[in-house]
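Take a look at the structure set out below.
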């Protein structure tokens, strides 16, 4: 079934599932269809009863029709009507495929991590997102270089480094971080590093509790917007 066949099956008064994410948390909503324009590939949806309408301030959204994911862009978002332009059939979005929920820490309660590059030296970084099995951090170019050159061999992926995570409310987690990806950020001024986490079970429980609490906070804040 091609894209036009899928759009052609949408009917006024029917419903469709939309997917997006907010601060790392996947959000699914089902909306009633107001009208469909297959030729222009526009779909109008009723947002009157949507509790998470602020996620549609983002330009990108996914629709799920049967078992097919369709990428769409927000054309307009006025009052109680959301109009999306269908772009094409797409693979499942990454946030749907993740086994573990990833959250962004609150600005009010940031998370910091120390990476030990020697027995008495460390590089401190701010966490940008975290899950039960991984953490993303943001470093200046100079700080990232200091950390990466300590790896053996330098700048190599899949190498491990000792780390300490400082969660809100004085919880500290210690473990190993395996470097998985290196991404330039903000025109090369910052570098984002992604690590896979390994830790003892007691620390996993602390991290799991934080993620569940933060997930509830994110969804509650989204409802209030």
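The values are calculated or read from the model by the stated rules, or taken from the named source; none is laboratory data. Just so it is clear, the model here is predicted, and its values are computed rather than measured. Reconstructed Cβ throughout: ideal geometry from the backbone, glycine too, with neighbour counts over all protein chains shown.
So which residues in the stretch 39-64 are assigned to a strand (DSSP E or B) and closer than 22 Å to residue 9 by Cβ, if there are any at all?
Listed by number, the residues that qualify are 42, 43, 44, 45, 46, 61, 62, 63, 64.
State all residues of the stretch 9-38 that are touching a strand residue (DSSP E or B) at 6+ places or on another chain (Cβ under 8 Å), in contact (Cβ under 8 Å) with a residue 24 or more places away in the chain and outside any strand (DSSP E or B); if no residue qualifies, say none.
Matches in the stretch 9-38: 9, 10, 11, 12, 23, 24.
State all residues of the stretch 165-181 that are surrounded by 15 or more Cβ atoms within 10 Å (Cβ to Cβ) and either free of Cβ contacts under 8 Å to residues at least 60 places away in the same chain or more than 22 Å from the chain's Cα centre (by Cα) (or both); if no residue qualifies, say none.
165, 166, 167, 173, 175, 178, 179
Of all residues being surrounded by fewer than 20 Cβ atoms within 10 Å (Cβ to Cβ) and closer than 30 Å to residue 131 by Cα in the stretch 30-54, which is modelled with the highest pLDDT? Just the residue, please.
Out of the qualifying residues, it is 30.
Filter the strands (runs of 3 or more DSSP E) completely within the stretch 99-141 down to those with at least 2 residues that are modelled with pLDDT of 95 or more and buried (at least 18 other Cβ atoms within 10 Å of the Cβ).
122-130, 134-140
Please enumerate the residues belonging to the stretch 182-208 that are touching a residue at least 40 places away in the same chain (Cβ under 8 Å) and not in a helix (DSSP H, G or I).
185, 188, 189, 190, 191, 192, 193, 194, 195, 196, 197
Residue 158: at positive phi, in the same structural domain as residue 204 (by TED's automatic domain parsing) and either modelled with pLDDT of 95 or more or surrounded by fewer than 18 Cβ atoms within 10 Å (Cβ to Cβ) (or both), yes or no?
Yes.
Please work out which residue is nearest to residue 44 (Cα to Cα), limiting yourself to the stretch 72-88 and to residues that are under 21 Å from the mean Cα position of the chain (by Cα) and crowded, with 17+ Cβ neighbours inside 10 Å.
For the stretch 72-88, the residue satisfying everything is 74.
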